[in-house]
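The values are calculated or read from the model by the stated rules, or taken from the named source; none is laboratory data. These numbers come from a predicted model, not from an experiment. Neighbour counts are summed over all protein chains in view; Cβ atoms, including those assigned to glycine, are modelled from backbone coordinates with ideal geometry. Ligands, DNA and RNA are excluded from the accessible area calculation, which covers all protein heavy atoms including side chains. Shrake-Rupley method; radii C 1.70, N 1.55, O 1.52, S 1.80 Å.
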Amino acid sequence: MRLPLLLTLAISASVALAQNALSYQQPPASIMQLVDAPLAPTVLLDDRGEYMVLRTRDAYATIAELARDELRLAGLRIDPRTDIGSRERYYTGVQVKSLKAPSTEPVTVSGLPAKPQLSNFAWSPDEKHIAMTHTTDDAVELWVLDVAKAEARRLHPGPLNANLPDVVNWLDDATLLVKAVSSKREPLTERGTFVPAGPTVSANDGAKAQNRTYQDLLQTPADEHDFEQLARSEIVKVSLDGKASVWLPDAMYTGIEVSPDHSRVLVTTMARPFSYIVPYYRFPQTSVVYTADAKSVATVMEVPLTEVLPKGFMATRTGRRSMGWRADMPATLVFAEAMDQGDPDVEVDFRDGVYELIAPYNGAPKLLLKTKQRYAYTTWGDAHTAIAHDSWYDTRNEKSYVFDPSVGEKSARVFEDRSSEDSYGDPGRMVMERGPFGKTVLAIDKGHVYRIGDGFGESGQFPFLTKVNLASGKTDTIYKSRYRDRVEALQDFDPERRRLLVRTSSPVDFPNYAYRDLDKKGDAALTSLTDFPNPFASIAGIHKEVINYKRADGVDLSGTLYLPPGYDTTSGEKLPMILWAYPREYKDAGSAGQTTSNPNDFTYPNYGSPVYWVTRGYAVLDDAAFPIVGEGDEEPNDDFMEQLVANAKAAIDAVDARGFIDRKKVAVGGHSYGAFMVANLLTHSDLFAAGIARSGAYNRTLTPFGFQSEQRSYWDAPEVYNAMSPFQNADKMKTPLLLIHGAADNNSGTYPMQSERYFNALKGLGATVRLVMLPHESHGYRAKESILHMLWEQDQWMEKWVKGVEGT
C-alpha cells in the first residue's frame, strides 16, 4: 500500500501536544545549493591500466521510488515486482576512457537502454568485457559492455533473480553463469487475504541463543513461503553470442564461485528449516563442487541452521567455514575450522585451523596453519608464499603469519603482531597483482612484498609505499608523499612500471586520479587521468582546520573545525556552534588519542553532514573525537557517561578558548550511535542549548544481548545498560531535543519504536521535544524529499533553540 507523501510529525511544546500534518519542506537556498550538487563518477580500472570506466548515478532516490511495494524477509528487502533489492542504488550512465592516451576524453557508452538502471558490474577474466544488470519496470536483464569499443548490448532478457548474492558470474572469458527466476516459482501470498492454519510458534530446548536484535526477519508461515519463492532460481549459462541454457535446476542458490582456472564451480544452496530469530545467511547451507559442464564432483561443506552461538564477538560456529578457492592455484579449496568449539571462553593454544582441499575434494584436508586468534582471511602469493591474518576483539590484537602452503603449518611464523586500534603504526595494505590464473595475488619481488599505507602520524598524514623483506621483516620506504597543502592518497602500485595510481585533493580541489612515475621528478612525474570539477564551490572560502586538545584525564582529542566564509578569526565575534560526533570504544588510551583527520581532505558535505551550517553562520566542529576507553580488565562502558561528558566539555572548551563561539549557543548532533550519544549528553550535562538525534536507540533493555561494541548481556551488567539508557533517565531531560527517524529503519537495534517510545516518555514528562518520522526511509536516508525536509527541520531547530537563545 502506498502512503501519501506527507510526514506525520509529532510535536511537543509547553503549550501544545498534538499531531501536525506537514508537507515536505526545503532548507534555505545556501543549503539547497550544496544538496543539488551532482555526484562525481565512480571509477573502475582494469589491471593492465589500459581503460578507466566511469559510472555516474543520481545522488538521491525519490520518495515515490521508496514507496514502492517491498517485502522484508529474513534480513532482506526485496522488490517482488523486479526481483532485486528494493533499496538498490543504480548507475545511470557509463563512459570509457582510454589510458593508453590519458589526455583523450571519455567516450559515452553507446547501446545502453533509454533509462539505465545498472548494477552488479563484473569484469570478465580477460577484462575485455563488463557484465552488468539493468532493472526494468518489471524484471532484471543481463547486459554486457565491450570495453574497448565502449558499446553495450542486452545479452539476456531475464528475468534474473537478484534477490540473493552472486547474480552475475563469469565462467570463462566468453561465458557467464547467472541466476534466473525459477520456472517453478509459486505465487506469492496475498497478505490481506492470507488465512493462517494455526498460530506461529517459536521454541527453545534450553540452549542459549543470544543473538543481536536483527530486523526484517521472518515472522509467519506466509513469510516463509514468500521468502522461499523469492530465493528460488535456476543457474543459466549465457555465452557472449546470446545462447542460453539451464546449467543447474531450481534451488535456493546463495553463492556461486568459479575456480581460478575456470574448471570448477563452488555452488552453495540454502534449505529449510528457516528461522524467525536470525537472517537468511544463518539458515542451513550446503556447498557442492561442480565441473564447468555442471557435473557434481563432491559435497564439501554442510552447515546446519545456526541460531545458537557461544557468547562474545569472537564466537563462531563449529565445522568448516570461510570456504573458497585459493587465488594462486588452479582449483584448490581452502577453509577454516574452529579448534575451540567456536567458544571464546575455551582456553586453547590455537583458536582456528586453516586447511586446503584438493580435487576430487573428498579426501582428508591438509592443515596449512593454526592461528592463535580467530582466523580472518589469507592473502595468497604463490605456491610457496602466503600471509594469513587473525584477530581478537577483546584485546584489539591482530596478527599475520607468513607460511609456505606447500609445507604447511610447520613453516608458519608470526609476521606482524599489532593493535588494530593503532592507526599511527598501521603498516598498510599489501600490493596485489593479477596472478597466473587471473585472480589477484601478492605482488612478490624476489622475496619482498610492497605495502601502501595511509601514513597517519603525530605530524600529519603522509601516505607511503614500502618494500618489505618477508624473511627478515626489514622495511624500506620507496615513496612517501610530502604534500602539506593537499592529500595524495595512494591507490595502487605497478612494480613492473614503477608507477603509482594516486588520487589527489585539497579542501577546494575535488579528488582526481593521476599516475605517479617513481623514476621522474616534479611535475613530470604526474600524468593526470581525470579532471572532475568541484561541485561545492560555494563553500570554497570556509576556514577549515584540525584542532587538537586534551580531555581532563589527559587523553588526546581532535576535531575538524569549520568557520563561515569571511569570518575574521581575530574579530572576537562569538558564533553559535554545532558539534557532531560518534563515540568509539578503545582498549588503549594512547590509540584513542590518535587522529586520522586531515585538514587537507576535500570538504564533501554529504546529506548527513553538519558542514552545511557554515553557510548559516555557525561554527561547526565535525568528527569530534569521543573515545570511550577501558584499559586492562575494565570495559569501556563501565564509566561511559563520565567519559562522554568529559569529551564534550573538552571540545567546547577548546573552541571557546580561541574566542570563536558563544558557549551558551552550542548544539550537539549525531546519527545512530551518535544519536544515542546526543540523548545522553542532554540528559547528563548542561553543556548544550539543543540537540539533534537521528535514527538512534535509547532503551538498551531492548537490545539485551549486546549493542555497538558491548559484548555483555543485560543480565551480565544491568547497571551499565540502565545507566546508559536515556529512556530510563528521561525525567532528567531539560534540553530541547529534535528526534528524527526513518520509519523503515533496518539497522540492528535502532527500531523506529526506539524514537517513538522515547518521544512519548519525554512528552509525558514535559520535555521540549519534536519527533519526525520519515516515511519509507531506512537507517540511512535516500529520498531527496526526505533529505531536504530533514535539513529544514535541523535548520529550524537550531535557529530557534540555538541562535534564538539568550547568549553570553
Query raised in the report: In the range 1-37, which residues are modelled with pLDDT under 90, within 21 Å of Thr62 (Cβ to Cβ) and either open to solvent by less than 50 Å² (accessible area, probe 1.4 Å) or under 27 Å from the mean Cα position of the chain (by Cα) (or both)?
Result: Leu7, Leu9, Leu22
Report summary line: Looking across the range 335-392 at residues that are among the polar types (S, T, N, Q) and in a loop (DSSP other than H, G, I, E, B), the single one that is modelled with the lowest pLDDT is Asn362
Report task. May I ask you to list the residues in the range 40-72 that are aliphatic (A, V, I, L, M) and out of contact with any strand residue (DSSP E or B) (no Cβ under 7 Å at 6 or more places or on another chain)? Result -> Ala40, Ala59, Ala64, Ala67
Report summary line: Expected single match for open to solvent by less than 30 Å² (accessible area, probe 1.4 Å), among the small types (Gly, Ala, Ser) and in a loop (DSSP other than H, G, I, E, B) among Ser591, Ser558, Ser597, Ser571 is Ser597
Report task. Select from the range 46-67 the residues that are part of a strand (DSSP E or B) and either in contact with a Phe, Trp or Tyr (Cβ under 7 Å, 6 or more places away or on another chain) or over 30 Å from Ala101 (Cα atoms) (or both) and list them in ascending order. Result -> Arg55, Thr56, Ala61
Query raised in the report: Which ones in the range 97-145 are of a type in the set (Asp, Glu) and either open to solvent by less than 20 Å² (accessible area, probe 1.4 Å) or touching a Pro at 6+ places or on another chain (Cβ under 9 Å) (or both)?
Result: Glu127, Asp138, Glu141
Query raised in the report: Of all residues in the range 119-128, which are out of contact with any Leu (no Cβ under 8 Å at 6 or more places or on another chain) and either in a loop (DSSP other than H, G, I, E, B) or in contact (Cβ under 8 Å) with a residue 60 or more places away in the chain (or both)?
Result: Ser124, Pro125, Asp126, Glu127, Lys128
Query raised in the report: Quick one: what pairs do we get from the range 305-319, first residue of a type in the set (D, E, K, R), second open to solvent by less than 60 Å² (accessible area, probe 1.4 Å) and not in a loop (DSSP other than H, G, I, E, B), C-beta under 9 Å, 6+ apart or different chains?
Result: Glu307/Arg282; Arg317/Arg282; Arg317/Val303; Arg317/Ala338
Report summary line: Taking the range 433-455 and keeping only residues that are open to solvent by less than 40 Å² (accessible area, probe 1.4 Å) and either in a loop (DSSP other than H, G, I, E, B) or within 30 Å of Asn548 (Cβ to Cβ) (or both), one is left with Gly435, Gly438, Ala443, Gly447, Arg451, Ile452, Gly453, Gly455
Query - Subset of the range 153-166 [open to solvent by less than 10 Å² (accessible area, probe 1.4 Å) and touching a Leu at 6+ places or on another chain (Cβ under 7 Å)] - result: Leu160
Query raised in the report: Can you pull out the residues in the range 712-726 that are touching a Lys or Arg at 6+ places or on another chain (Cβ under 8 Å) and buried (at least 20 other Cβ atoms within 10 Å of the Cβ)?
Result: Tyr721, Met724, Ser725
Query raised in the report: So, in the range 644-663, of the ones that are in contact with a helix residue (DSSP H, G or I) (Cβ under 9 Å, 6 or more places away or on another chain) and open to solvent by 10 Å² or more (accessible area, probe 1.4 Å), which residue ends up nearest to Glu421 (Cα to Cα)?
Result: Val645
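Here's the yes/no breakdown for (1) touching a residue at least 40 places away in the same chain (Cβ under 8 Å); (2) open to solvent by 60 Å² or more (accessible area, probe 1.4 Å); (3) more than 17 Å from Ala690 (Cα to Cα); (4) not in a helix (DSSP H, G or I):
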position	(1), (2), (3), (4)
His741	yes, no, yes, yes
Thr750	yes, no, yes, yes
Gly766	yes, yes, no, yes
Arg770	yes, no, no, yes
Ser778	yes, no, yes, yes
Leu788	yes, no, yes, no
Gly807	yes, no, no, yes
Query - Residue count for the range 678-693, restricted to those that are of a type outside the set (Ser, Thr, Tyr) and open to solvent by 10 Å² or more (accessible area, probe 1.4 Å) - result: 5
Report summary line: Considering the range 664-677, residues that are in a strand (DSSP E or B) and open to solvent by 10 Å² or more (accessible area, probe 1.4 Å), and then whichever is nearest to Lys803 (Cα to Cα), we arrive at Lys665
Query raised in the report: Out of curiosity, is Gly617 closer than 23 Å to Gly670 by Cβ and more than 30 Å from the chain's Cα centre (by Cα)?
Result: yes
Report task. Can you tell me which residue within the range 235-264, out of those that are assigned to a strand (DSSP E or B) and over 33 Å from the mean Cα position of the chain (by Cα), is surrounded by the most Cβ atoms within 10 Å (Cβ to Cβ)? Result -> Trp247
Query raised in the report: Could we say that Pro576 is part of a loop (DSSP other than H, G, I, E, B), in contact with a helix residue (DSSP H, G or I) (Cβ under 7 Å, 6 or more places away or on another chain) and open to solvent by less than 20 Å² (accessible area, probe 1.4 Å) here?
Result: no
Query raised in the report: Are there any pairs, at least 6 apart or on different chains, whose C-beta atoms fall under 9 Å, with the first in the range 172-201 and modelled with pLDDT of 95 or more and the second surrounded by fewer than 17 Cβ atoms within 10 Å (Cβ to Cβ) and β-branched (Val, Ile, Thr), and if so, which?
Result: Ala180/Val246; Ser183/Val246
Requested in this report: Say whether the condition of being at positive phi and not in a strand (DSSP E or B) is met by at least one residue in the range 678-699.
Outcome: yes
Report task. Report, by residue number, each residue of the range 465-489 that is part of a strand (DSSP E or B) and either open to solvent by less than 30 Å² (accessible area, probe 1.4 Å) or among the hydroxyl-bearing types (Ser, Thr, Tyr) (or both). Result -> Leu465, Thr466, Val468, Thr475, Thr477, Tyr479, Val487, Glu488, Ala489
Query raised in the report: With Glu409, Glu416 as the choices, which residue is under 18 Å from Phe335 (Cα atoms) and either surrounded by fewer than 17 Cβ atoms within 10 Å (Cβ to Cβ) or at pLDDT below 95 (or both)?
Result: Glu409
